[in-house]
1. What is the dipole size for the chain, taken about its Cα centre, with +1 at each Lys and Arg Cβ and -1 at each Asp and Glu Cβ, in debye to the nearest 20?
2. According to a simple spin-label model (label point 7 Å from Cα along Cα-to-Cβ), what is the distance in nm between ILE48 and ARG87?
3. Out of region 1-108, which chymotrypsin sites (Phe, Trp or Tyr not before Pro) are coil in DSSP terms and have no more than 16 other C-beta atoms within 10 Å?
4. Could you rank the peptides 2-10, 134-142 by their average count of other C-beta atoms within 10 Å per residue, with the highest value first?
5. Sum -39500 (n - 2.57) across every DSSP H segment of at least 4 residues in the chain, then divide by the residue count to get the 222 nm mean residue ellipticity, nearest 500.
6. Residue separation times 0.36 nm, minus the C-alpha to C-alpha distance between TYR123 and ASP37: what's the value?
7. Could you calculate the contour length gain from THR59 to ALA138, that is, 0.36 nm times the residue separation minus the distance between their Cα atoms, to one decimal place in nm?
8. How high is the relative contact order of the chain, given as a whole-number percent (alpha carbon pairs under 8 Å, six or more residues apart)?
Amino acid sequence: MILRALAISAGLLGAAGASQFPEFSQQYRQRLGGAVDELALIVVQFDIDAAVVGLDRETALAQLATGGVFGARRAETLRSTFARYNRLREDLAALEGAGPFERARMAPAVMDREIARRTLSDYVPAMPLSLEGLSFAAIGFGMLTALVGLSGRALRRLLLGRWRRRAA
């Protein structure tokens, strides 16, 4: 009886936790989109500035890098910014084209730690009224209910086995 109550309690906790993924995923995608938009402004402005003086991006970066210590440091920062922009833009495209379960599967590969950390720090749990939220809630409930139930049964068998060996 106690094991069943623990399993159901764990299942409810799992349902509440897992049901939050769709909302967190949506808020993460919104932040990711904002980051991509802001980085695009930097990339486009740099490319325009380079084009105005007749240079492509790589040539402009090479010239900037030969402009002393600060120029070299700035060129390296911009290269890093361009790489981050390309990576985040690809991640956003992948997430926007994916369904909820596909987003959950691919989350570790496409999640930017800094954006995820900021999303989580501002995240407020939401009531899962969508089909996605209810589906994740059902999965979380089933997984934790089963985990606690199986763990409890295994522990009970282990303890009963020891008790029976001592009694014999």
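Rule-based calculations on the coordinates, nothing more; no lab input. Model, not experiment: these values are computed from the prediction. Heads up, the Cβs are rebuilt from the backbone with ideal geometry, glycines too, and the neighbour counts pull from every protein chain shown.
1. 1880 debye
2. That separation, rounded to one decimal, is 2.7 nm.
3. Sites meeting the loop and neighbour criteria: none at all.
4. 134-142, 2-10
5. Only helices count here, giving -30000 deg cm²/dmol.
6. So the extension gain works out to 28.8 nm.
7. My answer for the length gained is 22.9 nm.
8. Computed over the chain, the figure is 54 percent.
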